[in-house]
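Report on the structure given below.
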Amino acid sequence: MASNKSPLKVLVIASEVEGLVKTGGLADVARALPAELVRLGHDVRLVTPAYAKTRAVWSQWPHQSLCVHLNAFEETWLATRTGEHQGIPTVQIEHSDSFDRPGIYDNGATPYEDNARRFALLSKGALQWCRDNDWQPDIVHANDWQAALACFYLAEHFRYEPFFAHSRSVLTLHNAAYQGQCSSGWLRTLGIHEQFFHPGAFEDHGQINLLKGGIRFADAINAVSPGYAAELLSDLGSHGLGPIFRERADALSGILNGCDYGQWSPETDPDIPAHFSSPNDGGKARCKALLKQELELAEGEAPLLVSISRLADQKGFNLLIPALWETLRSTDAQVALLGSGDANLAAQLHRLAREYPTRVAFVEGYDNALAHRLEAGGDVFLMPSIFEPCGLNQIYSLRYATLPLVRAVGGLKDTVVPLADDGTNSGQATGFMFADPTPDALITELHRLIRVYQEQPEVWLDMQQTAMKQRFEWATAAKDYVSLYRKLLKVPRH
Ligand code: ADP
Ligand code: GLC
């Protein structure tokens with residue numbers, strides 16, 4: 001058994017990885033955590049699908065064929081491609097029927113109907129790659145529903161396989177609202193025996209729920225913030241999975257994500273027009289002026305409220321849109337939004353921008369460089385999420401002295417210190433927070449922060465300086481993961 005210092009073999013399975021394919025924060029974490037584990041000296045393999053979008057990368061890598069048995073009746077031939085992605089040894093699972101498609105999870109409107117099988121091939125393929133290459137993982141680290149089946153396959157399909165006898169699984173929950181539900185007709189294909197199709201494992205109102213099965217079979221489960229881990233045990237915050245989370249409460253922990261300050265620092269960021277190391281050294285003001293020019297917003301002293309987000313109900317647009325209408329009517333605030341996703345939310349944001357052409361800019365789309373310019377040029381970052389497992393943008397905002405306005409939920413609560421009602425927590429406060437998921441509660445906090453911005457510039461500056469000093473290092477998070485891994489290796493399998 002590995003000593004407390006010996007390097008661990010960690011197999012990380014994720015459906016998206018920054019620099020290859022990204023739809024959200026999962027991708028940031030699936031690159032940053034393995035990179036940090038490699039830096040700490042661990043032996044890592046990062047396994048992801050070989051999507052059509054990244055063919056130019058993986059088609060250059062050597063390939064090997066791999067025969068995968070999802071069930072006892074059929075075999076599927078895949079290829080694996082091995083290479084290096086940003087210093088991380090990476091294995092891509094190539095299966096053109098599954099991954100040679102324009103989308104990652106959906107065709108633009110609806111999820112692919114065979115998603116369960118596609119990601120089952122990723123999960124089982126990752127484990128079989130280990131066996132074929134005699135690479136014995138200490139830890140199989142699965143991320144979200146797409147990789148959850150790996151925990152089940154390790155626990156049941158490979159139950160009596162000496163090769164995997166000492167391997168343990170960790171399932172990280174980046175977003176437990178996405179659960180990978182599919183019809184029970186897939187049971188046989190996925191190799192899930194009927195004995196596991198009950199409410200204590202895969203069954204969920206007559207359907208298969210892949211995340212739920214993963215939660216049942218993983219040796220450890222962790223959420224991406226302590227706050228979210230606690231919420232998952234409640235009925236309100238568990239996305240309908242309260243009973244299974246409570247059953248596995250002993251195995252559930254929270255590890256806060258880190259921030260890659262190599263990419264998100266105003267002193268060095270190559271995507272912003274002026275660098276700054278303090279909120280008032282002129283650099284941030286220049287970033288704001290140029291951003292307003294770029295987005296054709298009116299000149300002046302008004303506070304600039306920014307947002308970068310997937311357009312999804314999770315992010316609180318049902319509070320934000322009415323709150324913005326009211327705030328635009330009653331103050332001189334300006335708004336700059338970047339986002340893609342739900343067409344209906346996009347239409348509502350376009351309407352707002354049409355109504356206030358010199359005060360509201362909405363850029364529909366996905367644009368990493370613009371995301372950096374918004375972080376640097378904004379005064380306030382809006383993140384009124386209904387739920388938020390961790391949230392990365394509020395962490396980036398702190399570093400750029402763009403004070404976050406967040407709802408008191410999940411990782412937002414764990415990373416932002418709100419200005420006290422009496423304003424006395426100077427040196428600690430880094431943002432603004434409201435609790436009730438209602439437009440009125442958000443409006444009240446928006447008005448308050450605009451007053452502080454306009455009437456108490458010294459308080460604002462103090463908060464910005466405190467915000468810029470905050471650090472959420474990946475080195476810390478990675479060490480917490482390694483402690484979790486080592487703890488698991490000392491105990492029998494769940
Ligand atoms: P989630 O993963 O729920 O979408 P996070 O805050 O954890 O939320 O991470 C979102 C990540 O995706 C951040 O790195 C953010 O900058 C990025 N992002 C989201 N939407 C866009 C967009 N439209 N353009 C550029 N980057 C975006
Ligand atoms: C998810 C969550 C987000 C989290 C990210 C990375 O997409 O919605 O809150 O920061 O995963 O863990």
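Rule-based calculations on the coordinates, nothing more; no lab input. Since the structure is predicted, the reported quantities are computational estimates derived from the model, not experimental observations. Please note: Cβ atoms are built from the backbone with ideal geometry, for glycine as well, and neighbour counts cover all protein chains shown.
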The distance between the Cα centres of the stretch 236-303 and the stretch 37-66, in whole Å, is 28 Å
Of the listed pairs Lys413/Lys487; Lys5/Lys413; Lys288/Lys315; Lys212/Lys479; Lys212/Lys469, those with alpha carbons more than 32 Å apart are Lys5/Lys413; Lys212/Lys469
Kindly rank 16-23, 261-268 from highest to lowest mean number of other beta carbons found within 10 Å of each residue.
16-23, 261-268
With DSSP loop assignment and no more than 16 other C-beta atoms within 10 Å, the trypsin sites (Lys or Arg not before Pro) in the stretch 418-484 are Arg471
Could you compute the FRET efficiency for Glu458 and Asp342, with r as their C-beta to C-beta distance and R0 at 60 Å, rounded to 0.05?
0.90
Which percent of Cα-Cα pairs in the chain sits in each 10 Å bin, short to long?
4, 19, 29, 25, 15, 7, 1, 0
From the Cα centre of the stretch 438-453 to that of the stretch 135-170, the distance in Å is 48 Å
Rounded, prolate or oblate for the stretch 30-188? Axes are the square roots of the Cα gyration tensor eigenvalues, ordered a ≥ b ≥ c, and the cut-off for rounded is a/c under 1.5.
rounded
Plugging the Cβ-Cβ distance of His350 and Ser6 into 1/(1 + (r/R0)^6) at R0 = 60 Å yields, to the nearest 0.05, a FRET efficiency of 0.60
Equivalent-ellipsoid semi-axes (√(5λ), Cα gyration tensor) for the stretch 1-47, whole Å, largest first?
24, 10, 7
Sum -39500 (n - 2.57) across every DSSP H segment of at least 4 residues in the chain, then divide by the residue count to get the 222 nm mean residue ellipticity, nearest 500.
-11000 deg cm²/dmol
Which value, in debye to the nearest 20, gives the size of the charge dipole of the chain about its Cα centre, when Lys and Arg are +1 and Asp and Glu are -1 at the Cβ?
1000 debye
If every Lys and Arg gets +1 and every Asp and Glu gets -1 at its Cβ, then about the Cα centre the stretch 148-282 yields a dipole, in debye to the nearest 20, of 600 debye
Report the rotationally averaged projected area of the stretch 202-243 based on its alpha-carbon convex hull, in square nanometres.
3.1 nm²
Placing each pseudo-label 7 Å from Cα in the direction of the beta carbon, His193 and Glu326 end up separated by a distance in nanometres of 5.7 nm
